[in-house]
Amino acid sequence: MRATVFRGVGDFGIEEVPRPRAGVGDAVIRVTLTTICGTDLH
């Protein structure tokens, strides 16, 4: 699956990562839309 990975200030990108698995009592949700504000990068 693709995920946006934040590594540090000004360093983030979309990468392929393993699909998470839910454990007992956990849940995995599908995020279909998200945004990031430019001030979040500081």
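The numbers here are math on the coordinates, done by the rules we state, and not lab data. As the structure is a computational prediction, the values presented were derived from the model and not from experiment. Note that we place each Cβ from the backbone using ideal geometry, even for glycine, and neighbour counts take in every protein chain shown.
Some notes on this structure:
- Alpha-carbon Rg/Rh ratio, for the chain, with Rh computed the Kirkwood way: 1.05
- Region 1-38: trypsin sites (Lys or Arg not before Pro) falling in loop per DSSP and having at most 16 other Cβ within 10 Å: Arg21, Arg30
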